[in-house]
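What follows is a set of notes on a single structure, which appears directly below.
The values are calculated or read from the model by the stated rules, or taken from the named source; none is laboratory data. Just so you know, these numbers come straight off a predicted model, no measurement behind them. Glycine gets a Cβ as well: all are built from the backbone with ideal geometry, and neighbour counts include every protein chain shown.
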Amino acid sequence: MSGPLLYIGVDVGGQSIKAGVVTDEGQPLSSVSVPTEAWKGQEHGLEQMALAVEEAARAAKLDLRDIAAIGIATPGTMDIPKGLILDPPNLKPWKNVPVRDYIHGRFRKPTAFQNDANAAAYGEYWAGAGRGVRSLVLFTLGTGIGCGIVVNGQIIEGEHSHGAEVGHIIIEMSQPRRCGCGGRGHLEAYASATALAQRANEALTRGEISSLQALFQTKGQLAPEDAGEVFRAAAMGDSLAQRLVEETAYFLAVGAVNMMHTIDPNMIVFGGGMTRAGPSFLERIREHVRQLAFPVPAAQTQIVYAQLGNEAGFIGAAGCARMLVRQGDR
C-alpha cells in the first residue's frame, strides 16, 4: 500500500448501516447506507456490515487493498475488548455477535470495534467541532440521549464497556420520571425528544392552553418526532412550548455541568436532531450552565453544536481504525 492512508468506518444502526472511506485527516471520500434488516438475524446483519464496507470502497472508486484498516461502531450492550455485541435492544434478536472477528476475518484488515456514541464523540473530536481541543463530551439528542467522552485523545470506555452512559445519569429522585431503559430519574427521561413530547402530552392532557393542542387532538398524542413542533411553537410565542423548551435546556445544562465537574473537559458538544432548534436553544443551555457550574469551568468550557451530522459515527469509527494502525495493533 502506498500513498496517504485511508480507512473505512461503519456505523450500525437499528434501521440502516452507514459507511464511508475516510482520509488520514478525517475527510470522508464516500458515504453510503445499506439496510440493517436486524430481524433477519445476526448472520445476515454481519453480511450487511460487510456489504457496507464493500459499497463504501466502491463509492470512493477504491479497491479494498487501498484501505489500511476498518472501524465498526454499533449500538447496544457490548464487550469492547472482545469485539462482541451482547444483547442490543434495537437489534433483536442478535446476541453475542462477534463483530470484530467477523470483519477482521472477512477482510484481513486491522479492525476496531466501538460503541456508536463513543465513535460519534471521537469523530467530532478528531474531525468536527472538537478539532484542536484535548477533551470533549458529546451529547447526542434524539429519541434517547447518547453520549461519548474523549480525554487526551482516548475514548472513555469504562472497565465494563459501559462508560460515558451520561444519558442515564440520575438528575431527579423526587417523583422521578421513568426512562426508556426502565430506570427512573435519568437525564434521558427529561431531556430527550421522547421526553419533551411526553412532557408536552402531560401538559396538554391537563388542559393547558397551547397551539400544540390541535396537533395533540389530531394525532392523539405527540410523538418524539414532534419535538420540532414544540420548538417551532416556542419560537412563535406559545407560552407552554416556551416553558417546555426552557426546562429542556435546564435539564441538559444539569447533565453538562455534571460532566464539567467530573472531568473538566475543554468542550461540551450537542448533536442529534434536537439541535435543529437552532442557536437560541444552545444559548439557553449556556445560560443555565453559567448559573449552575463552578465559575472557572463556566467561563472557560466551550458549549457548541456538533458539526458532522449523521456522518459523525462512521467518521469516528474510521478514526478508531486509524488509532489501531498508529498503535500497531490488529
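Of everything listed in (1) touching a residue at least 60 places away in the same chain (Cβ under 8 Å); (2) surrounded by fewer than 18 Cβ atoms within 10 Å (Cβ to Cβ), the single unmet condition for VAL137 is (2). Please verify whether ASP87 is modelled with pLDDT under 95, among the acidic types (Asp, Glu) and under 20 Å from GLU165 (Cα atoms), treating the condition exactly as stated. Taking the combined requirement at face value, the residue satisfies it. In this structure, GLY309 qualifies as closer than 30 Å to ALA52 by Cα, free of Cβ contacts under 8 Å to residues at least 40 places away in the same chain and surrounded by fewer than 21 Cβ atoms within 10 Å (Cβ to Cβ).
Residue check: is ALA73 assigned to a helix (DSSP H, G or I), buried (at least 21 other Cβ atoms within 10 Å of the Cβ) and in contact (Cβ under 8 Å) with a residue 40 or more places away in the chain? Against the criterion (assigned to a helix (DSSP H, G or I), buried (at least 21 other Cβ atoms within 10 Å of the Cβ) and in contact (Cβ under 8 Å) with a residue 40 or more places away in the chain), ALA73 does not qualify. Out of the residues in the range 35-50 meeting the condition of being surrounded by 13 or more Cβ atoms within 10 Å (Cβ to Cβ) and among the hydrophobic types (A, V, I, L, M, F, W, C), tell me which one is farthest from TRP94 (Cα to Cα). By that ranking, first place goes to ALA50. Tell me, please, whether a residue that is assigned to a helix (DSSP H, G or I), more than 17 Å from ALA277 (Cβ to Cβ) and under 17 Å from the mean Cα position of the chain (by Cα) can be found in the range 190-212. No, every residue in the range 190-212 fails to be assigned to a helix (DSSP H, G or I), more than 17 Å from ALA277 (Cβ to Cβ) and under 17 Å from the mean Cα position of the chain (by Cα). Residues that are among the aliphatic types (A, V, I, L, M) and part of a loop (DSSP other than H, G, I, E, B) within the range 153-177 comprise ILE156, ALA164, ILE169, ILE171, MET173, listed in sequence order. Considering (1) surrounded by 15 or more Cβ atoms within 10 Å (Cβ to Cβ); (2) of a type outside the set (Ser, Thr, Tyr); (3) closer than 28 Å to MET78 by Cα; (4) in contact with a helix residue (DSSP H, G or I) (Cβ under 7 Å, 6 or more places away or on another chain), the lone condition that CYS181 does not fulfil carries the number (1). Of the numbered criteria (1) surrounded by 21 or more Cβ atoms within 10 Å (Cβ to Cβ); (2) out of contact with any Pro (no Cβ under 7 Å at 6 or more places or on another chain); (3) within 26 Å of MET259 (Cβ to Cβ); (4) not β-branched (Val, Ile, Thr), the one ARG100 fails is (3).
Among the residues in the range 155-163, are any buried (at least 22 other Cβ atoms within 10 Å of the Cβ), within 13 Å of the chain's Cα centre (by Cα) and closer than 21 Å to MET260 by Cα? For the range 155-163, residues buried (at least 22 other Cβ atoms within 10 Å of the Cβ), within 13 Å of the chain's Cα centre (by Cα) and closer than 21 Å to MET260 by Cα: absent. Taking each residue of the range 51-62 that is assigned by TED's automatic domain parsing to the domain that holds LEU29 and looking for partners that are polar (S, T, N, Q) and surrounded by fewer than 24 Cβ atoms within 10 Å (Cβ to Cβ) with beta-carbon atoms closer than 7 Å, six or more apart or interchain, yields ALA56/SER30; ALA59/SER30; ALA60/SER30. Of the residues ILE145, ILE169, the single one that is touching a strand residue (DSSP E or B) at 6+ places or on another chain (Cβ under 8 Å), in contact (Cβ under 8 Å) with a residue 40 or more places away in the chain and crowded, with 24+ Cβ neighbours inside 10 Å is ILE145. Against the test of being among the acidic types (Asp, Glu) and buried (at least 16 other Cβ atoms within 10 Å of the Cβ), the options GLU188, GLU208 yield a single qualifying residue, GLU188.
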